[in-house]
Amino acid sequence: VQLQASGGGLVQAGGSLSLSCVASGRTDGRFHMGWFRQAPGKEREFVGRVHWSGSTTYSNAVKGRFTISRDHAKNTVTLQMNNVRPEDTAVYYCAAQWGAGFQTTYWGQGTLVTVSS
């Protein structure tokens, strides 16, 4: 499975940015798609996920500001980031995950989001 993310860049605090990710290759089966991020000097952390069923989960840090949506037909997932904050600055990684416990994860290459204050 290959994941190609796009849409990162520089945005001012309070602004909006949209990230997209397309999955290709062996994308059969029921898999979930989501986003993680890694800020400088910190561990990678969960941002949000859209499950195969269509339900979504978010970290407390982004809940109410970020929205994840998915297009099953195109194998794409989009992260709409609103009211961004400087602490949202990070490399954002798209992920495709299989299994109820997300045992199998494929990662995209990451896209940098920088939020200026």
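The values are calculated or read from the model by the stated rules, or taken from the named source; none is laboratory data. Quantities reported herein were computed from a predicted structural model and do not represent experimental measurements. Counting neighbours? That spans all protein chains shown, and the Cβs are built from the backbone with ideal geometry, glycine included. Heads up: the accessible areas ignore ligands, DNA and RNA and are worked out on the full protein's heavy atoms, side chains in. Shrake-Rupley method; radii C 1.70, N 1.55, O 1.52, S 1.80 Å.
Could you check, for the range 55-69, whether at least one of its residues is open to solvent by 60 Å² or more (accessible area, probe 1.4 Å), touching a residue at least 60 places away in the same chain (Cβ under 8 Å), more than 14 Å from H32 (Cβ to Cβ) and in a loop (DSSP other than H, G, I, E, B)? Looking through the range 55-69, none of the residues is open to solvent by 60 Å² or more (accessible area, probe 1.4 Å), touching a residue at least 60 places away in the same chain (Cβ under 8 Å), more than 14 Å from H32 (Cβ to Cβ) and in a loop (DSSP other than H, G, I, E, B). Take the residues of the range 7-47 that are out of contact with any strand residue (DSSP E or B) (no Cβ under 7 Å at 6 or more places or on another chain) and closer than 16 Å to W107 by Cα: which is surrounded by the most Cβ atoms within 10 Å (Cβ to Cβ)? Here the answer is T27. Just for the range 77-117: of the residues that are more than 11 Å from the chain's Cα centre (by Cα) and within 16 Å of S20 (Cβ to Cβ), which one is least open to solvent (accessible area, probe 1.4 Å)? Only one residue tops the list, namely V113.
With the condition kept exactly as written, say whether any residue in the range 83-96 is at pLDDT 95 or above, touching an Asp or Glu at 6+ places or on another chain (Cβ under 9 Å), in a loop (DSSP other than H, G, I, E, B) and among the small types (G, A, S). No, that holds for no residue. Reported count of residues in the range 70-82, each being basic (K, R) and part of a strand (DSSP E or B), is 1.
Kindly indicate whether any position in the range 22-29 is farther than 23 Å from W98 by Cβ and either of a type in the set (G, A, S) or in contact (Cβ under 8 Å) with a residue 24 or more places away in the chain (or both). No; the residues of the range 22-29 include none that is farther than 23 Å from W98 by Cβ and either of a type in the set (G, A, S) or in contact (Cβ under 8 Å) with a residue 24 or more places away in the chain (or both).
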